[in-house]
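The values are calculated or read from the model by the stated rules, or taken from the named source; none is laboratory data. These numbers come from a predicted model, not from an experiment. Note that we place each Cβ from the backbone using ideal geometry, even for glycine, and neighbour counts take in every protein chain shown. What goes into the accessible areas is simple: the full protein's heavy atoms, side chains included, and nothing from ligands, DNA or RNA. Shrake-Rupley method; radii C 1.70, N 1.55, O 1.52, S 1.80 Å.
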Amino acid sequence: MFTCSLSAEQQRQLAERLTTFLSKYGYLSDSYIIEFFSKDHWHSLPSRWQSVLQDLTPQQVADLLLDPRHGDRRYPSAWPLSLLAFRATAHALAFPRECRRQRGGGGGGGGGEVEPDEFLEKRSQSSMLGHIFRKHVKPKKQHEIRKLGSLVKQLCDRTDCSSVVDVGSGQGHLTRFLSFGFGLSVTAIEADHTLVATASKFDGQLLCSLEKEEQKENCSSLVSVPRHVAGWVNPNASWEAFIKQLSAASLVNESPPTSSGPSKKRPPGSKQVKPPGSHPAQTSSRPGSTEPGSTEPGSTEPGSTEPESTSQRQLTKTEPEKASCARSRGPPDFVLTGLHACGDLSATLLRHFVHCPHVRGITSVACCYMKTTTKEDPDPPGLAAPQLPAADRDRDPDPLEFGYPMSSWVRGLPGHRLSYKAREGACHAVEDYARRLRGGGEALRMHCYRATLETFIAYARPDLRRAGIQTIKKAHLLAFNEYARLGLARVGLPPGLHLDPEQVEAMLKQQNRVVVYFSLALLLAPAVETLVLLDRMIYLQENGVDSQLVPLFDPNVSPRNFVLVAVKPRRL
């Protein structure tokens, strides 16, 4: 069902190697590229590295540094062994970001950059997702909800759960796919009231589309309507408070699907798609069927399960649902999911999974690692934490319960600390930057522009160091003086601030060095992400639960593509 996982001992060994490696090169992962000139980052590199890297073309940087599968490595000069070891170790310690079907085609350096099959017909419309699930949904999200939704369905089948709680549900795209597409009973919780209102509106639009289709075909079907609640999941609250939050409006309690009679048609969004080269007799939409290209006999690749009809779903799951209700007078068992749950929210969901007896399985896709709390940085920039009245605080925060590290093992390793900048860097898209390098062009000048401007800002107003300028439209097409005029105004400095022309020219000539240095730091990003996710796997293992990490999404489409999957051992 999932990719093979590391043993508990292998997990601990890998964490130890990662902390040793990352602490040695912390000067790279902790550095801000906008301070390239003001902090003289280039000369922090070993002198031998400087001499062989400074004249690399952007294409060579992509091929020789960032692409772990590039097979035709032709070096313009002999690289020092320390640089070769740095690159090899960074790639070797990071979890592979491609799924099995994507690997193996890398000989020429362009592997892994092919458009996914589902977008070959139309780049903006997934051919493997029903049209009612594509409305209002961008291609990236279409890819994500199809793959993750099918994986959640597999988890529900495995755990005999028909209920799902989707945390950080946003506009409800995944929620609708799980509810209307698979007939699951879904509760969605989202902190932004505006997004909750939008999700409910989109639900209504989908229901109208279903009614129109049924009228055309003169049939009706059972549909399971999702429930939405606006609420912030407090990372310092207990799992009991979380359940109370969900059930406050009877959100977790089972409710029967809307029914207007049995359906005689295929379910919404369950378009049958034959794998390339398959025979019709080999294609099946049954969960657990084997498709050509499946990784294991008798199993399906995560994300390949087709939605069942909702009417079939109700028939096949009636007995497990009854059994679940009979086991407990409280809420039914459910599967917890979070698609790109930001910062500490992913860590909070894992803690609820471990401690709450009603949560049987979890799929966790994390993002925004820089908003994760640490002992050194308990209140990182951008952290959304509404101030709650004293009466609503369920318990005092445990000083050990930060978003990172979660596990006792990683917490005890020397050098485990990850700075805000290192965690922010782990959110960058390595594949996307490699494509930009191979494409070349004026867009690559932006880091050099910003670093040059930072030098003058820091000199004029040291208190404005690392000030956020925000995006300047098509800045790479502007002359530097025009870019500087707009940028200075953004931080409250006079647009006419004197910029020494000779100093500006000298810095802009070092654009290639800026690109190389940024690429060296970016090379560490997958290793940092691996350590954060590995820490969560070890945390689950310390609490008696095995987990597996699946590179579910195509990293060229969705850079934060790992899903952490775990199922609790069956109760006796």
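Would you work out if region 472-516 is rounded, prolate or oblate? Take a ≥ b ≥ c from the square roots of the eigenvalues of the alpha-carbon gyration tensor; rounded if a/c is under 1.5, else prolate when a/b is larger than b/c, oblate otherwise. If you can, show how the numbers build up before the last one.
On the way: a/c = 2.23, a/b = 1.38, b/c = 1.62.
It is oblate, given that a/c is not under 1.5 and a/b is not larger than b/c.
Spin-label model, Arg74 to Lys24: label points 7 Å out along the Cα-to-beta-carbon direction sit 3.1 nm apart. Taking the accessible area of region 26-69, probe 1.4 Å, and keeping the other protein chains in place, the carbon and sulfur fraction comes to 52%. Only protein heavy atoms count here; on that basis, with a 1.4 Å probe, His228 has an accessible area of about 40 Å².
For the listed peptides 28-39, 522-533, a ranking on the average number of other beta carbons within 10 Å per residue, highest first, reads 522-533, 28-39. Less than 5 angstrom separates the built amide H of Val186 from those of Val164, Arg227, all sequence-distant by 5 or more or on a different chain. For the pair Ser408 and His428, a Förster radius of 30 Å applied to the C-beta separation gives a FRET efficiency near 0.55, rounded to the nearest 0.05. Sorting the segments 168-181, 199-212 by their residues' average number of neighbouring beta-carbon atoms within 10 angstrom, most packed first, yields 168-181, 199-212. Distances between placed amide hydrogens fall under 5 Å for Val563 paired with Val550, Leu552, all partners being 5 or more residues away or on another chain. Spin-label pair Glu442-Ser238: with each label point 7 Å from Cα along the Cα-Cβ axis, the two points sit 6.1 nm from one another.
Here the gap between Ala460 and Ser82, fully extended at 0.36 nm per residue and compared with their Cα-Cα distance, gives a gain of 132.2 nm. With a threshold of 18 Å on the Cα-Cα distance, the over-threshold entries among Lys141/Lys568; Lys147/Lys212; Lys474/Lys509; Lys371/Lys568; Lys371/Lys421; Lys39/Lys421 are Lys141/Lys568; Lys147/Lys212; Lys474/Lys509; Lys371/Lys568.
Would you calculate the convex hull of the Cα atoms in region 140-208 and tell me its volume per residue in Å³? Intermediate results must be reported in sequence, preceding the final value.
Numbers: hull volume 5.3 nm³, N = 69.
Convex hull of Cα atoms, per residue: 77 Å³.
Given a 1.4 Å probe and the protein chains as shown, His428 ends up with an accessible area of around 60 Å². For region 9-57, the alpha carbon convex hull comes to 118 Å³ per residue, rounded to a whole number.
Assigning unit charges at the beta carbon (Lys, Arg +1; Asp, Glu -1) and nothing else, what dipole magnitude in debye, to the nearest 20, does region 12-89 show about its Cα centre?
Numbers: 9 positive and 8 negative charges, 65 e Å.
Dipole about the Cα centre, nearest 20: 320 debye.
Heavy-atom accessible area with a 1.4 Å probe sorts Lys371, Lys147, largest first, into Lys371, Lys147.
Ranking Met406, Met370 from most to least accessible surface, computed with a 1.4 Å probe over the protein chains only, gives Met370, Met406.
Computed with every protein chain present, the accessible area of Arg417 is close to 130 Å² [probe 1.4 Å].
Near the amide H of Thr373, within less than 5 Å, lie the amide hydrogens of Asp344, Gly403, Tyr404, all on another chain or at least 5 residues away, with H placed in the peptide plane. The phi-based Karplus calculation (6.51 cos²θ - 1.76 cosθ + 1.60; θ = phi - 60°) puts the 3J(HN,Hα) values of region 188-194 at 10, 10, 9, 6, 8, 4, 5 Hz, whole numbers, x for Gly and Pro.
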